[in-house]
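I'd like to ask some things about the structure below.
The values are calculated or read from the model by the stated rules, or taken from the named source; none is laboratory data. The structure displayed is predicted, hence computed values, not measured ones. When we count neighbours, we look across all protein chains shown, and the Cβ atoms used for this are built from the backbone with ideal geometry, even at glycine.
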Amino acid sequence: MRIKITEDIYKFLNEAIPYNDVKSYLNIDRTDAIKAISQIWPKLEAIANSKSKRGDRLYFDVKGEDVSDNAVQPKSSVKEEINDLFLKYGYTIIDYKKGLAGKIDGGGEIRIGKLLEILIKKYGNNLKTYLRNYEKDSTRNSIKEKARYIVFSKHPYDIAGMSTGRGWTSCMNLYDGEKKAYVSMDVKEGSFVAYLINKDDLNINKPQARVSVKPFFDKNSNVYYGIERRGYGTYPEYFLNEVKKIVEGVQSNVFGIFNFKKGVHCDTVLEPEQRRIDKRSFVGFLKSNNIYYNIKWEDDIYVGDNLIIDNELINSISGKLYGFLPKFLSVEKNLKVFDVGRLHFLDFGLDYLRVREDFYVAGADVKLPNKIYVGGDFTLRCDDVVNIPDFCEVDGNLDIRESNIEKLPKDLEVGGIVFCKNLFKEKWTEEYPHITFY
């Protein structure tokens, strides 16, 4: 009976993702995906070391340190537990540092992670602990890396199989992943995948790791691609850094406001449908009101709660504030600035501000960022502010009655009502017929 079981497993393993299981993804209408990917793919192709015959895969040469076959492997209790499990089904670990297993009586090699995934599928989710422990085993990350390729793939098979039939699994697993319904949206909307492979594995049969690259769209359907902060598999530190360097490098002249595509799963932000503004994407997320004490000035900041800026906060970091703020600040709830004596966002380096709910500013000496997006109401009570930034988008009401605003930006967008001084109401009503003034 043992031989029969292991033969069934081995037969399945030879085909990582059976054609019938992935067929539906190959037939998805990719009109939108082609439009999106075409904005970045030629740029990537121009700097790639090589490409596949159809051009669906682009290969970039990256060199780590060579793996020494004589290197001493760190002792791993996880390895011993997994090997005991494999022995029950007629398999054994061949080379833990290379992630390979095989049948006890000989035969082909298979990735340890892939074998664990199949055992889970056949014998139950109670075996998932083995896979989780394997993925987290720090002794695997201590092994030196040899020369690799990073391959970017836009092929539906590689996108659909990003977490199926690999040495890892995730919520995007086609069989039992919690978010498997989103895989089709990645194929349809223009996501692609970056794999880390050995240089002799051009067909991505035994990838070492992967990270997803997702599209963000502006109102004119221009695209900026952002990299997920989380990768899967076993990879050296340079992997994610290199992918980011390549992707951001070919988009260095792409600027604007880009929203994450609704319906596409985002693995490393607070909400799958969360709007992501600014060309920087998938960066550090901090859920703290006192963010100034917890971040580096050059980081983009995402605040998951209300943020209050007052004189006490500013004085507490007096002398450190110049150059302290990031270029992009996102607040997921309300931003309130109370009676500050001096808050020149531009002097501090902040170029773009996004507030998901309400933005309230009251101060004697305030200079606003170049670009502002407010999802709720924007209230400005600053006598010295005479101009609103050229880019200002407010979904709720804009209240400028207690400021000295004399001119509005040409492209002002307000979803609610603009409360202003009577002096300008008639003039602005003529200039902005799409906006209601009161």
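Which one of these is modelled with pLDDT under 85, of a type in the set (Val, Ile, Thr) and out of contact with any Ser or Thr (no Cβ under 7 Å at 6 or more places or on another chain): Val187, Val254?
On inspection, the qualifying residue turns out to be Val254.
May I ask you to list the residues in the range 381-433 that are more than 22 Å from Val355 (Cβ to Cβ) and either outside the structural domain of Asp365 (by TED's automatic domain parsing) or aliphatic (A, V, I, L, M) (or both)?
Leu423
Can you name every one of the helices (runs of 4 or more DSSP H) wholly within the range 1-73 that holds 1 or more residues which are under 22 Å from Glu189 (Cα atoms) and at pLDDT 60 or above?
In the range 1-73, 19-26, 31-37, 41-47 are the helices (runs of 4 or more DSSP H) which contain 1 or more residues that are under 22 Å from Glu189 (Cα atoms) and at pLDDT 60 or above.
Report yes if some residue within the range 262-285 is under 13 Å from the mean Cα position of the chain (by Cα), on the phi < 0 side of the Ramachandran plot, aromatic (Phe, Trp, Tyr) and modelled with pLDDT under 70; otherwise report no.
yes
Residues in the range 354-395 that are assigned to a strand (DSSP E or B) and polar (S, T, N, Q): how many?
2
Looking at (1) surrounded by fewer than 23 Cβ atoms within 10 Å (Cβ to Cβ); (2) touching a residue at least 12 places away in the same chain (Cβ under 8 Å), which one does Asn203 not meet, given that it meets all the others?
Among (1) surrounded by fewer than 23 Cβ atoms within 10 Å (Cβ to Cβ); (2) touching a residue at least 12 places away in the same chain (Cβ under 8 Å), the lone unmet condition for Asn203 is (2).
Picking from Glu248, Glu237, Glu189, Glu228, which residue would you name as being in contact (Cβ under 8 Å) with a residue 60 or more places away in the chain, outside the structural domain of Lys122 (by TED's automatic domain parsing) and acidic (Asp, Glu)?
After ruling out the rest, the residue left standing is Glu189.
Still on this model: For His344, work out the one condition from (1) closer than 30 Å to Phe424 by Cα; (2) at pLDDT 65 or above it doesn't fulfil.
Of the numbered conditions (1) closer than 30 Å to Phe424 by Cα; (2) at pLDDT 65 or above, the odd one out for His344 is (2).
Considering the range 379-399 alone, what residues qualify as being surrounded by 19 or more Cβ atoms within 10 Å (Cβ to Cβ), closer than 23 Å to Glu332 by Cα and more than 29 Å from the chain's Cα centre (by Cα)?
Selection gives Thr379, Leu380, Ile388, Asn397, Leu398, Asp399.
Right, another one. Please find, within the range 213-255, the residue that is farthest from the chain's Cα centre (by Cα) out of those that are among the polar types (S, T, N, Q) and over 19 Å from Lys114 (Cβ atoms).
Asn220
Are there any helices (runs of 4 or more DSSP H) wholly within the range 96-187 with 3 or more residues that are surrounded by fewer than 20 Cβ atoms within 10 Å (Cβ to Cβ), and if so which?
Here the list reads 112-123, 128-136, 138-141.
So which residues in the range 417-438 are of a type in the set (A, V, I, L, M, F, W, C), out of contact with any helix residue (DSSP H, G or I) (no Cβ under 6 Å at 6 or more places or on another chain) and surrounded by 15 or more Cβ atoms within 10 Å (Cβ to Cβ)?
Ile417, Val418, Phe419, Cys420, Phe424, Trp428, Ile435
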